[in-house]
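S.K.: Shown below is the structure under consideration.
The values are calculated or read from the model by the stated rules, or taken from the named source; none is laboratory data. As the structure is a computational prediction, the values presented were derived from the model and not from experiment. For neighbour counting, all protein chains shown are included, and Cβ atoms are generated from backbone atoms with ideal geometry for every residue, glycine included.
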Amino acid sequence: MTKSERDELIIKYLPLIKYVVSRMSLTPPQGLDYEDLCSFGIFGLMDAIDKFDPSKGFTFQTYAIPRIRGSILDELRKFDWFSRTGREKVQKLNRAMEKILRDKGELKDEWVMSEMGITEDEYFEIQDLASRGYITSLDDVTPFEDGEVSVEATLADEREGISERLDYESEKQELVEALSELPEREKTMLSLYYYEGLTLKEIGIVMGVTESRVSQIHGKALSMLRTILKEKQNV
C-alpha cells in the first residue's frame, strides 16, 4: 500500500473515529477536548489499516472499531483519566453491593452508603466514576460507502461453533434475568440508552434530571447489574 492510498483510507474512515468517540461516555480530563479524543483515535485507525486482513472474513469497520476505542483509552490513561484512587472507589462500591445483596437479597442506596461509610454526595461521585467507560447500543449502526456497521457485529464471530453459541444464549438469559431485578428507574435509564439510542442529555430531559445525574444513575445500574450477575454465577 502506498502512502497516498493509506492517506485516502484514513480520510475515508475519519467518520468512524467520530462515531466511536460519540458513543464513549466519558468527560475528557482537564486540558483535553473532543478533538483531542478524535486525534487519539487516528492512531487506532492507522493501526487497523496497516494490519487489516480481508481474508479473515470481517469488514474493515468491524475490525477497526475496537482498535480505535483502545487507542483512545490508552492515551487517556496517560492523562490519568481513571486514577488508581477512582478504581479503588468503584471496587469498594462493588464489594459493598455484593455483601448487601448476599445478606439482604436486595440493594438500597442507604444500605450501600452505610456499608461504605460515605455521604450521599460521595456515593453519587462514585456512581459517576463507575459510569465512565465505553458504552454503546448494540443495535446502533453507522453508514459507510461499503455498507453499515453495527456494534453488535464487533462482539461476536459469526463463524463460532454451536457450544460457543449455547454459552452466549445462556449468558444472554442471565443478563435478561438480572436486568429484571433492577429498580424501575435504572431499568428505564438502560433501556433509553442501550435500546432507544438516546444520549445522556436526552435521557435527562425524559427523566427530568440533569445529565450528570443520568451518568450517576447509569453508573449505579452497571454496578448493580455486575453485582447481580456475579451472585448468580456463584449460586
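S.K.: I72: under 30 Å from S4 (Cα atoms), of a type in the set (V, I, T) and assigned to a helix (DSSP H, G or I), yes or no?
M.R.: yes
S.K.: Could you grab me the full set of residues in region 180-195 that are over 22 Å from E106 (Cβ atoms) and surrounded by 14 or more Cβ atoms within 10 Å (Cβ to Cβ)?
M.R.: Hits for region 180-195 are L192, Y193, Y194.
S.K.: Quick test for you: out of T85, T62, pick the one residue that is at pLDDT below 85, of a type outside the set (F, W, Y) and either buried (at least 16 other Cβ atoms within 10 Å of the Cβ) or in contact with an Asp or Glu (Cβ under 7 Å, 6 or more places away or on another chain) (or both).
M.R.: From the options T85, T62, the qualifying one is T62.
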